[in-house]
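Trainee: Can you read through this structure? Questions will come right after.
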Amino acid sequence: MQTRIAVMIDGSYFNRVSNFYKFEHAVARRLSLSGMMDFIRIACADMEDVPRTRARVVEAHYFRGRYTVRDLEDRARSANFVEESLRNDRVFDQILAASNITPHFTRIDTNSEPPKEQGIDVWLALEAFDLAVSDRCDVVALVAGDGDFVPLVKKINAIGKRALVVAWGMKSDQGAEVRFSSALAGAAAYFLDMADLIDNPDDDEQRALVDQLFVDN
């Protein structure tokens, strides 16, 4: 028996978590997408009670809003701002490709204050449900914390698939905070409280897996 896993990543949420670990946490490193994918695969195998060699990530998708070049030019804070922003986007695209993650980007709405992503959560939900209902996976691993995803999680479970929520809840001494919806965690078939797993590994094996969750400085 094999467990097929589809990983769906809320990019804005992942970025907030990664920034927290880099700038607010003692680990002082960013999250690794490839490390997170393997952590999810292993955790999912254990929860599904299948050999780890029989659990695999069959698809992975990353969803986030992006500024257009024109928007970047309008928001430029320095002469090199646009060039640096585009270079960072290109580097991140290469990281996604190397991790076999399909990117999905929408334009950020700069007419609102503050600027916000348009329709990205709906897009993620549609892609996730399509994967589940078309039987292209057994488990949908949702890297997100927003309670708006509760209906998606319930629907995935209702059609006989399993929804795994991967989320963080933590606050620094300086007041920086990352949250997840308790309703979202409660609706999931499986839930990974990543902040607790990272700060309190059970044994040497889990410590090694936690270390692989972060990129080398």
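The values are calculated or read from the model by the stated rules, or taken from the named source; none is laboratory data. Worth saying up front: this structure is predicted, and the values here are computed from it rather than measured. Positions of Cβ are backbone-derived with ideal geometry, glycine not excepted, and every protein chain shown enters the neighbour counts. Just the protein is used for accessible areas: all its heavy atoms, side chains included, with ligands, DNA and RNA removed. Shrake-Rupley method; radii C 1.70, N 1.55, O 1.52, S 1.80 Å.
Trainee: Enumerate the calculated ³J(HN,Hα) couplings along segment 81-97 in order (Karplus 6.51 cos²θ - 1.76 cosθ + 1.60, θ = phi - 60°), each rounded to whole Hz, writing x wherever the residue is Gly or Pro.
Mentor: Couplings: 4, 5, 4, 5, 5, 5, 5, 4, 4, 5, 4, 5, 4, 5, 5, 4, 4 Hz.
Trainee: Where the accessible area of the chain is counted over protein heavy atoms with a 1.4 Å probe, how much of it, in %, is carbon and sulfur?
Mentor: Answer for the chain is 46 percent, counting heavy atoms of protein chains only.
Trainee: At 0.36 nm per residue, minus the direct Cα-Cα distance, what do Arg90 and Arg16 gain on full extension? Give it in nm, one decimal, please.
Mentor: Length gained, Arg90 through Arg16: 24.7 nm.
Trainee: Taking all pairs of different Cα atoms in the chain, averaging 1/r and flipping that mean, what Kirkwood radius in angstroms comes out?
Mentor: Averaging 1/r across every pair of different Cα atoms and inverting gives 18.2 Å.
Trainee: When Lys and Arg each count +1 and Asp and Glu each count -1, what net charge do the other residues less than 15 Å away from Asp10, Cβ to Cβ, add up to? Working shown, then result.
Mentor: Working: positive: Arg16, Arg64, Arg66, Lys116, Arg179; negative: Glu117, Asp121, Glu127, Asp146, Asp148.
Result for the neighbourhood of Asp10: 0.
Trainee: Distance in nm between label sites at Asp211 and Ala28, each 7 Å beyond Cα in the beta-carbon direction?
Mentor: Reported label-point gap for Asp211 and Ala28 is 1.8 nm.
Trainee: Please work out the average accessible area per residue across the chain, using the 1.4 Å probe convention, and give it in Å². Mind showing how you got there, number by number?
Mentor: Numbers: 11330 Å² over 217 residues.
Here the per-residue accessible area is 52 Å².
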